[in-house]
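The values are calculated or read from the model by the stated rules, or taken from the named source; none is laboratory data. Just so it is clear, the structure is predicted and the values come from calculations on it, not from any experiment. Using ideal geometry, Cβ is built from the backbone for each residue, glycine included, and neighbour counts are taken over all protein chains shown. Accessible surface is based on the protein model in full, side chains and every heavy atom, while ligands, DNA and RNA are left aside. Shrake-Rupley method; radii C 1.70, N 1.55, O 1.52, S 1.80 Å.
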Amino acid sequence: LESISQQKLELESQLQGIQGEYLSEIEALRDSERNSQNNSTDCAFEDVENLEIPDNYFTRPVFGYVTQNFHCGHDGVDIASSLGSDIFSVADGQVVRIGPKSDGCVGLNCNGGFGNFVVIKHTLPSGQKIYSLYAHMQNQTFRDIGENVNKGDIIGRVGCTGYTVPYPCGVHVHFMILSDTYEIGGIGCRLGRATCYNPQKLINPIS
Ligand SMILES: [Zn+2]
């Protein structure tokens, strides 16, 4: 009986992996459709030119290397690093959302694939608001909702919770910058109502 339940678990995780591949393919198709409609190289994402950002406003979210760029079908940038590395708040801000308690969960059902994540609100000197999101953290953030953080403060550790490739543990941070239409309730560009900025156009170097 034990081996049957073991087999069942393995099949389930394989299934989740396949499901994930299909979901990202569908998203990529949708994005390319949107792209062909508005003929934009940024695939209907927000234009960073609309933001007034002072020089040196941001710091990198993590020391590592980019494994996947921001592009149509991928609404953030993936930065690989070693397990447990520090994740930094990219600017002064306030913690506004924490992925539900789920330390260690893996797969698409773990906070929609984001695993342990934290969202920080940044109010620019111009008054414009943007949000930074850090996904797949090793554990839940030790910061509290409403807590103010400074640029460069440690807000978590690099992990592979949620859906990462190679499944089940591709250690990286999926880092996103969301627009001011971000509403608490959605956790990503596509799942929520916000649109995204290309983080690689805002933060240099990003890793
Ligand atoms: Zn990613």
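Within segment 140-174, which residues are within 16 Å of the ligand (Cβ to nearest atom) and aliphatic (A, V, I, L, M)?
Result: VAL158, VAL165, VAL171, VAL173.
Looking at segment 122-145, which of the residues that are surrounded by fewer than 19 Cβ atoms within 10 Å (Cβ to Cβ) and either closer than 16 Å to ARG60 by Cα or aliphatic (A, V, I, L, M) (or both) is nearest to the chain's Cα centre (by Cα)?
ILE145
Mind checking which residues of segment 58-91 are among the charged types (D, E, K, R), open to solvent by 30 Å² or more (accessible area, probe 1.4 Å) and farther than 15 Å from LEU202 by Cβ?
Within segment 58-91, ASP86 is the sole residue that qualifies.
Looking at the structure I just gave you, is ARG97 away from the ligand (no atom under 13 Å from the Cβ), outside any loop (DSSP other than H, G, I, E, B) and of a type in the set (Lys, Arg)?
It is true that ARG97 is away from the ligand (no atom under 13 Å from the Cβ), outside any loop (DSSP other than H, G, I, E, B) and of a type in the set (Lys, Arg).
Looking at segment 106-120 only, could you name the residues that are buried (at least 19 other Cβ atoms within 10 Å of the Cβ) and more than 16 Å from the ligand (Cβ to nearest atom)?
ILE120
Against the condition more than 12 Å from PRO61 (Cβ to Cβ), surrounded by fewer than 18 Cβ atoms within 10 Å (Cβ to Cβ) and out of contact with any helix residue (DSSP H, G or I) (no Cβ under 7 Å at 6 or more places or on another chain), how does ASP103 come out, does it pass?
yes
Within the set of pairs 6+ apart or on separate chains, which have a first residue in segment 157-182 that is farther than 13 Å from PHE117 by Cβ, a second that is more than 10 Å from the ligand (Cβ to nearest atom) and charged (D, E, K, R), and C-beta atoms under 7 Å apart?
These pairs meet every condition: SER179/GLU46; ASP180/LYS129; THR181/ARG193.
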